[in-house]
2 protein chains.
Amino acid sequence: MPILVMKFGGTSVADLDRIRNAARKVKREVDAGYDVAVVVSAMSGKTNELVGWVREASNPPGSDSGGLYDAREYDAVVASGEQVTSGLMSLVLQEMGVPARSWQGWQIPLRTNNAHGAARIDSIGTEALHQKFSEGLHAVIAGFQGIGPDGRIATLGRGGSDTTAVALAAALGAERCDIYTDVDGVYTTDPRIEKRARKLDRIAYEEMLELASLGAKVLMTRSVELALRYKTRLMVRSSFSDDEGTLVCDEDEIMESKIVSGVAFSRDEAKITLLAVADRPGVAAAIFGPLAEAGVVVDMIVQNISEEGRTDMTFSLPVDDVSRARKALDAAAAAGEIAWREMVVDDAVAKVSVVGIGMRSHAGVAQRMFRALASEGVNIKVITTSEIKVSVLVDRKYMELAVQALHAAFELDVA
Amino acid sequence: MPILVMKFGGTSVADLDRIRNAARKVKREVDAGYDVAVVVSAMSGKTNELVGWVREASNPPGSDSGGLYDAREYDAVVASGEQVTSGLMSLVLQEMGVPARSWQGWQIPLRTNNAHGAARIDSIGTEALHQKFSEGLHAVIAGFQGIGPDGRIATLGRGGSDTTAVALAAALGAERCDIYTDVDGVYTTDPRIEKRARKLDRIAYEEMLELASLGAKVLMTRSVELALRYKTRLMVRSSFSDDEGTLVCDEDEIMESKIVSGVAFSRDEAKITLLAVADRPGVAAAIFGPLAEAGVVVDMIVQNISEEGRTDMTFSLPVDDVSRARKALDAAAAAGEIAWREMVVDDAVAKVSVVGIGMRSHAGVAQRMFRALASEGVNIKVITTSEIKVSVLVDRKYMELAVQALHAAFELDVA
């Protein structure tokens, strides 16, 4: 029988009523003839409670431990959240007449590397799962966790339950992996900003990757990457309706792709420009090395030649990282590693991007974008492009206007 | 190095302050040179919350499942409580400078039989624990759980964390197993009833067994049986003081044992008498067979010959079981399996017992007991005796008086 993986996030299993609601969706797929592997998150709020206890245990008032703790114990504590949901979901399914059992990561086994707290999946044993499927027993799998080479529970870090679901779907050769969440699919842009935003029926992996990394929080980048690598068909859909969601799939499965599929944005950006930096080999490393060491996540980087032997270097970063970045750069300057004439910080910018597989074969996307923004009087501060994306930085106060202008310019409100 | 097992119950690990308090006791033993295996319960209230969810999952409003559920899923859900405490205790110990790690039942492994929800321990692997002790790493063990032959989590039922601790102490060859709880030891009787009740320094396993089964709720019968079988020295002591508690040990370790060590009682008893039952072989089976099938826990049984070919049969039972017992007996009578002239039910009795290893070698204990009760005007309704115990049923309203009279008669207030 074909296998379907169904993943339910924390808000979809927040209490027993919601678990029952999710279980009804599982039953429907079982009745339709699938062997179902359900992947569950912790009930919403539980993970935060457990993480809070771990912090409190490791950092009592007056402690000088600096917030460090043993990630293996963090994993033992936090993984209990999904364990509880897996048992409850199995009981609810049984009560509905669906034969099911829970699986913890170590029982499958889902083997990870040793990076406790943010482990990566090494392998998934599917023999026991297939055996139980053949006995008519559906699977409810505690997401977010596996067993490390040390024989201890290892959690997968943020988005770990999505990753579990996609990796399982790939390992089991599932027909599809349905990610149930509190939104009903992937939209052309955020409906709170552009009310004519439209739900997409299908979107290519590469587009979804760009959207995920650009701040559309529907799916974590990591699980989309995994889906792309194994060509696992993902569907993002709502726990709270019966509508079809958005299928994330290979571009070959998308008949008539538009030039642009969506407009993404990221509100809390900042921009730092170093004016008149000495333009010599190694200068980029001298700037971005210290920033990386300080944990600053640099996004866009633009370098312009300004005058003889000098260059202006501009980069964008999350607004929360500005003071850390400034400190790291000043330290590098004090150490004589770099020098510049002036540092200009703009902490009131936002990033707006258009994304689409279709732009590969269509010139003029950037130009159409710039014209649309210009006609609304939105000034562009930085531009970067990739094969399927054009991103610009604009003043934060123009972000909504920019999103709406681009949504209209690329006719995203029309199916 | 000598090994010490320390077990902390739910109220002793109810929150992080209490876990820290418990951890300080562990550190003290570590500093004294022990390799310590800490066994922890779930934070108090957690198990009830988890059990409540299991019930709700299996029995939604309007369900006809009759309260049945898959005990394997119950185990997966409920075992998470101890898992959380084991991780938190390890983190707190680490923060105090005590190297420690958590162990789940399946990691040790603590192997059980397949009776999910009330499993029995089959074996405990100690190799990995000893290995980690030799590396200086103390152990924090999630109590109440192991791994069944099916590779799934199995919980040990009520008192399971005590059982885990005692079994571990036996398997590890521990010097002692300290059971930390919210009372500071075993008393000659309940101090709420007799304010001159005195904490015992030592008590023999057999005495503790009688007291445990008679309703003194300090230790579960099962863990005392285990301690007796393996001659594991148990100490019952308080989490909230630094006092020594009560050592439960072999009678050889008790120098001058008194004739009677304690007075136990059980308040909610009932007594049923069947008058003029036909006195023939098999009549006891004909009465107690149907009761056992109905799940009635019969305690004391007394048979008196009354008249030619007839006998009176009296037995005691928990007061909550009376209506079930009556129904079972009436059904057996209707089926012609037994007959009696009259059924007399007394549902207002209590059981009072004196317990002591010393009474083996001293005649006259029963007589001294009866005289003490008679002098207070307490009428005895049923008497049973064992090698180290004499129990009587009295009217419930005289229970406190009987306990006080016996406590004085056997001079239990004097060390």
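The values are calculated or read from the model by the stated rules, or taken from the named source; none is laboratory data. The shown structure was predicted, so the numbers you read here are calculated from the model rather than taken from an experiment. Here the Cβ is made from the backbone with ideal geometry for all residues, glycine too, and neighbour counts use every protein chain on show. Ligands, DNA and RNA are stripped out before the accessible areas are found, and what is left, the full protein with its side chains, is counted by its heavy atoms. Shrake-Rupley method; radii C 1.70, N 1.55, O 1.52, S 1.80 Å.
Extension gain, A:ASN114 to A:ARG192, is 24.0 nm, computed as 0.36 nm per intervening residue step minus the present C-alpha separation. Pick out, from A:ALA292, A:HIS407, A:SER323, the residue whose Cα sits farthest towards the positive end of the charge dipole of the stretch A:286-415, with +1 on the Cβ of Lys and Arg and -1 on the Cβ of Asp and Glu. Towards the positive end, the residue furthest out is A:HIS407.
Overall form of chain A: oblate. Here a/c, set by the Cα gyration tensor axes a ≥ b ≥ c, is 1.5 or more, and a/b is not larger than b/c.
Averaged per residue, chain B has 41 square angstrom of accessible surface, using a 1.4 angstrom probe with ligands and nucleic acids left out. Candidate cross-link partners of A:LYS389 among the lysines, defined by an alpha-carbon separation under 30 Å and a same-chain spacing of 8 or more, comprise A:LYS7, A:LYS195, A:LYS199, A:LYS217, A:LYS231, A:LYS258, A:LYS271, A:LYS351, A:LYS381, A:LYS397. Shielding of peptide A:150-161 by partners, expressed as the average count of other chain Cβ atoms within 10 Å per residue Cβ, is 1.
Each Lys and Arg adds +1 at its Cβ and each Asp and Glu adds -1 at its Cβ; summed about the Cα centre, the stretch B:1-159 shows a dipole of about 400 debye.
Just to be sure I understand the rule: take each whole DSSP H helix in chain B, project its Cα atoms onto its long axis, keep it if the span is 27 Å or more and its mean Kyte-Doolittle hydropathy is at least 1.6. Which ones pass? Span-like helices here: none at all. For the stretch A:249-343, applying the loop criterion from DSSP together with a ceiling of 16 other beta carbons within 10 Å to the trypsin sites (Lys or Arg not before Pro) yields A:ARG341. Would you mind telling me the antiparallel percentage of the DSSP bridges in the stretch B:1-137, rounded to 5? Here the antiparallel bridges make up roughly 35 percent for the stretch B:1-137.
Remark: accessible surface ordering of A:ILE338, A:ILE259 (largest first) is A:ILE259, A:ILE338, probe radius 1.4 Å. Basic side chains Lys and Arg get +1 at the Cβ, acidic Asp and Glu get -1 at the Cβ, and with that the dipole of the protein assembly as shown about its Cα centre reaches some 240 debye.
So how do A:11-20, B:51-60 stack up, highest first, on mean other-Cβ count within 10 Å? Write down the numbers at each step before the final one.
Values: A:11-20: 19.3, B:51-60: 17.7.
Highest to lowest by the protection proxy: A:11-20, B:51-60.
Taking the charge dipole of the stretch B:3-182 about its Cα centre, with +1 at Lys and Arg Cβ atoms and -1 at Asp and Glu Cβ atoms, the residue from B:ALA32, B:LEU50, B:GLY146 reaching farthest to the positive side is B:ALA32. Our estimate of slack between A:ALA415 and A:ARG371, defined as 0.36 nm per intervening residue step minus the Cα-Cα distance, is 13.6 nm. The GluC sites (Glu not before Pro) of the stretch B:305-397 that meet both conditions, a loop assignment by DSSP and at most 16 other Cβ atoms within 10 Å of the site Cβ, are B:GLU308, B:GLU337, B:GLU376, B:GLU387. Expressed as a whole percent, the accessible area of the protein assembly as shown that falls on carbon and sulfur atoms is 48 (1.4 Å probe).
Here A:ALA334 and A:SER386 are evaluated by their C-beta separation; at R0 = 45 Å the FRET efficiency comes out at 0.80.
When peptides A:84-97, B:289-302 are ranked by their average number of other Cβ atoms within 10 Å per residue, the highest-first order is A:84-97, B:289-302. Structure remark: mean-square fluctuation, Gaussian network model of chain B, C-alpha springs under 10 Å; the largest value among B:LYS351, B:LYS27, B:LYS217 belongs to B:LYS217.
The DSSP beta bridges internal to the stretch A:110-269 are antiparallel in roughly 55% of cases.
Of all beta bridges that DSSP places with both ends in the protein assembly as shown, some 65 percent have antiparallel geometry.
The mean count of C-beta atoms from other chains within 10 Å of the C-beta of residues in A:94-100, rounded to a whole number, is 3. The A-B contact accounts for approximately 3300 Å² of buried accessible area, totalled over both chains at a 1.4 Å probe radius. In the stretch A:66-92, which residues give up 30 Å² or more of accessible area once the other protein chains are added, compared with their chain alone (1.4 Å probe)? Residues losing area: A:ASP70, A:GLU73, A:ALA76, A:VAL77, A:SER80, A:GLN83, A:VAL84, A:LEU88, A:LEU91.
Taking 0.36 nm per residue of sequence separation and removing the Cα-Cα distance, the A:ASP243/A:LEU137 pair yields an extension gain of 35.5 nm. Counting Cβ atoms of other protein chains within 10 Å of each Cβ in A:55-62 and taking the mean gives 4. A helix-only calculation puts chain A at -10500 deg cm²/dmol for mean residue ellipticity at 222 nm, using -39500 (n - 2.57) for each DSSP H run of at least four residues, averaged over all residues.
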